[in-house]
1. Could you figure out which of (1) open to solvent by 60 Å² or more (accessible area, probe 1.4 Å); (2) modelled with pLDDT of 95 or more; (3) of a type in the set (Phe, Trp, Tyr) isn't true of residue 61?
2. Select from segment 151-188 the residues that are assigned to a strand (DSSP E or B) and open to solvent by less than 40 Å² (accessible area, probe 1.4 Å) and write down the one among them that is farthest from residue 132 (Cα to Cα).
3. Return the only residue of 22, 76, 3 being at pLDDT below 95 and open to solvent by less than 50 Å² (accessible area, probe 1.4 Å).
4. Anything in segment 38-58 that is open to solvent by less than 50 Å² (accessible area, probe 1.4 Å) and touching a Gly at 6+ places or on another chain (Cβ under 8 Å)? List them, or say none.
5. For segment 192-209, how many residues are within 24 Å of residue 145 (Cβ to Cβ), part of a loop (DSSP other than H, G, I, E, B) and more than 19 Å from the chain's Cα centre (by Cα)?
6. It is to be established whether one or more residues within segment 211-231 are touching a residue at least 24 places away in the same chain (Cβ under 8 Å) and either in a loop (DSSP other than H, G, I, E, B) or touching a Gly at 6+ places or on another chain (Cβ under 8 Å) (or both).
7. Given 103, 123, 83, which one is open to solvent by 50 Å² or more (accessible area, probe 1.4 Å), closer than 19 Å to residue 60 by Cα and not polar (S, T, N, Q)?
Amino acid sequence: DTPQSIKIKRNAVMTMEFRNQPKGGVLVKKVDAVTNAPISDVEFLVTNSDGNLIGNANGKYVTDSAGTFTITDVAPDTTLVIKETHAKDGYILDDTPQTVKVKSNEVITVEFRNQPKGGVLVKKVDAATNEPISDVEFLVTDSDGNFIGNANGKFITDSAGTFTITDIAPGTTLIIKETRAKAGYILDDTPQTVKVKSNEVVTVEFRNQPKGNLIIVKQDSVTKEPLEGVQFKIVY
């Protein structure tokens, strides 16, 4: 839109040329930091360096099934600020913005990488038979004492003797402690700690010692016939 001036000459046809700079764009790509697989449904906010919203949805863009979205029709030399605002379930939000300067007649690719979350599988077994033990109650916190899950840190083993703690940020240290044993078993309240790994479910096993039984038999020393009504005192 820069004006040009020209002086008209008598009996002559003058030629003026205006040159338009083609606009450019940016392709934003979102991938899994471990597998490099594309991640859909990740939400971003895009502005220019002055804070003006880009696009026609108040700066909002969402990655498609290919893990991408494209910002088009941007004037060359415009600086865009791209920031992730909502991660997909199972991934850690990466809200560190990236800036990119748009070039004429070119689509620049910018890649964002999301670290997948991890989990822990807790397994409870009989120390003698290795059979799973259901209905055992645990308390799970992080290393700062914050409760994990949506039941004030409480988890209970299922019929397979297990429970799974999911959607945990990698590097988080969990403290897992048995708080109630199943009837017939000795409580093992020694906590175990485990560090969550990215995109992995770590297994932790707890073993319960079954309680014992004592059968006392009273019989005639000659005939070996059982004798009833005999009183005993039992102490530790």
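1. Failing condition for residue 61: (1).
2. Filtering segment 151-188 down to residues assigned to a strand (DSSP E or B) leaves 154-156, 162-168, 173-180, 185.
If we keep only those that are open to solvent by less than 40 Å² (accessible area, probe 1.4 Å) too, we end up with 155, 162-163, 165, 168, 174, 176, 178.
Details: 155: 16, 162: 8, 163: 12, 165: 18, 168: 25, 174: 22, 176: 18, 178: 15 Å.
Among residues in segment 151-188 that are assigned to a strand (DSSP E or B) and open to solvent by less than 40 Å² (accessible area, probe 1.4 Å), the one farthest from residue 132 (Cα to Cα) is 168.
3. Values: 22 fails: open to solvent by less than 50 Å² (accessible area, probe 1.4 Å); 3 fails: open to solvent by less than 50 Å² (accessible area, probe 1.4 Å).
Just a single option satisfies the conditions, and that option is 76.
4. Listed by number, the residues that qualify are 39, 40, 42, 46, 47.
5. Matching residues across segment 192-209 total 0.
6. Kept after step one, since they are touching a residue at least 24 places away in the same chain (Cβ under 8 Å), are these residues of segment 211-231: 211.
Of the ones still in play, those that are also either in a loop (DSSP other than H, G, I, E, B) or touching a Gly at 6+ places or on another chain (Cβ under 8 Å) (or both) are 211.
Yes, some residue in segment 211-231 is touching a residue at least 24 places away in the same chain (Cβ under 8 Å) and either in a loop (DSSP other than H, G, I, E, B) or touching a Gly at 6+ places or on another chain (Cβ under 8 Å) (or both).
7. Values: 103 fails: closer than 19 Å to residue 60 by Cα; 123 fails: closer than 19 Å to residue 60 by Cα.
Every option except 83 fails the conditions.
Residue-wise test of (1) at pLDDT 95 or above; (2) under 26 Å from residue 167 (Cα atoms).
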| residue | (1), (2) |
| --- | --- |
| 11 | no, no |
| 44 | yes, yes |
| 65 | yes, yes |
| 72 | no, no |
| 101 | yes, no |
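The values are calculated or read from the model by the stated rules, or taken from the named source; none is laboratory data. Only a predicted model underlies this, so the values are computations on that prediction, with no experimental measurement involved. Backbone-built Cβ (ideal geometry, glycine too); neighbour counts: all protein chains shown. In case anyone asks, the SASA skips ligands and DNA or RNA and just uses the protein heavy atoms, side chains included. Shrake-Rupley method; radii C 1.70, N 1.55, O 1.52, S 1.80 Å.
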